[in-house]
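Below: one structure, written as structure tokens.
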Amino acid sequence: MVLAATKRYTVDEYLELEEKAEFKSEFDNGDIIPIAGATANHNILTAKFLARILLALEDLDYAVFMNDMRLWMPDQERYTYPDVMVVKGQPIFTDEKQTGITNPCLIVEVLSNSTGEYDRENKFKLYRSIPSFQEYILVEQTSYGVEQYAKQANGKWLLADYVGEDAVLKLESVDFEISLMDLYKRVAF
């Protein structure tokens with residue numbers, strides 16, 4: 001049996017294709033991986049988190065980005081599109097068009113059935129290669145549930161689980177908190 005060779009792309013080829021593409025794709029060391037569309041719950045949760053943290057941080061020295069901003073991890077040769085990212089201070093952009101950044105302190109991903117395990121394990125491992133990265137938030141979309149991974153002074157990561165509508169998520173990397181009741185308002189389980 002002869003296997004067909006899969007085309008490998010350079011970063012520049014990926015960026016050129018992505019600029020013209022109708023749908024977003026991630027880049028993984030030469031491979032282009034299409035991103036699936038999001039559900040209504042995914043959109044509601046992403047928009048709510050983004051809106052609330054954007055308002056909370058707008059007068060402080062932070063930049064907040066949504067899922068159209070690429071994240072470049074040079075050590076991994078990887079581009080991803082996190083749902084929400086926060087940068088402390090000035091963003092370090094990958095290009096003059098400002099289409100990608102390299103220095104988030106906080107990344108938020110809304111989990112789905114198809115990406116949940118990947119976001120928890122593989123992406124989290126990739127994100128930990130970013131020196132500025134301090135906190136990772138994973139938001140369930142089928143129940144009241146948030147996982148918070150916060151980097152400690154000794155370099156270890158501490159996990160906190162928030163479950164139920166009465167729970168309140170308080171971030172470690174930025175001054176922000178939100179109740180799960182508020183976050184999940186209008187989400188249909």
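Values quoted throughout were computed directly from the atomic coordinates according to the rules given, and no laboratory measurement underlies them. Because the structure is predicted, anything quoted here is derived from the model rather than measured. Counting neighbours? That spans all protein chains shown, and the Cβs are built from the backbone with ideal geometry, glycine included.
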When every residue in region 152-189 that is part of a loop (DSSP other than H, G, I, E, B) and either touching a His at 6+ places or on another chain (Cβ under 9 Å) or among the β-branched types (Val, Ile, Thr) (or both) is compared, the one farthest from LYS123 (Cα to Cα) is VAL187
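Restricting attention to region 94-117, which residues are among the acidic types (Asp, Glu) and in a loop (DSSP other than H, G, I, E, B)?
Passing the criteria: ASP95, GLU96.
Residues are listed down the side, and each one gets a yes or a no for (1) of a type in the set (Lys, Arg); (2) under 15 Å from ASP83 (Cβ atoms):
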site: ARG120; (1), (2): yes, yes
site: GLU140; (1), (2): no, yes
site: ALA153; (1), (2): no, no
site: VAL163; (1), (2): no, no
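Kindly indicate which of PHE49, PHE65 is in a strand (DSSP E or B), surrounded by 18 or more Cβ atoms within 10 Å (Cβ to Cβ) and under 16 Å from the mean Cα position of the chain (by Cα). Working first, answer last.
Values: PHE49 fails: in a strand (DSSP E or B).
So the residue among PHE49, PHE65 that is in a strand (DSSP E or B), surrounded by 18 or more Cβ atoms within 10 Å (Cβ to Cβ) and under 16 Å from the mean Cα position of the chain (by Cα) is PHE65.
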Working only within region 118-159, note down all residues that are surrounded by fewer than 17 Cβ atoms within 10 Å (Cβ to Cβ), within 18 Å of the chain's Cα centre (by Cα) and small (Gly, Ala, Ser).
SER129, SER132
Among the residues of region 118-151, write down those that are among the hydrophobic types (A, V, I, L, M, F, W, C) and either closer than 26 Å to GLY164 by Cβ or in a loop (DSSP other than H, G, I, E, B) (or both).
PHE124, ILE130, PHE133, ILE137, LEU138, VAL139, VAL146, ALA150
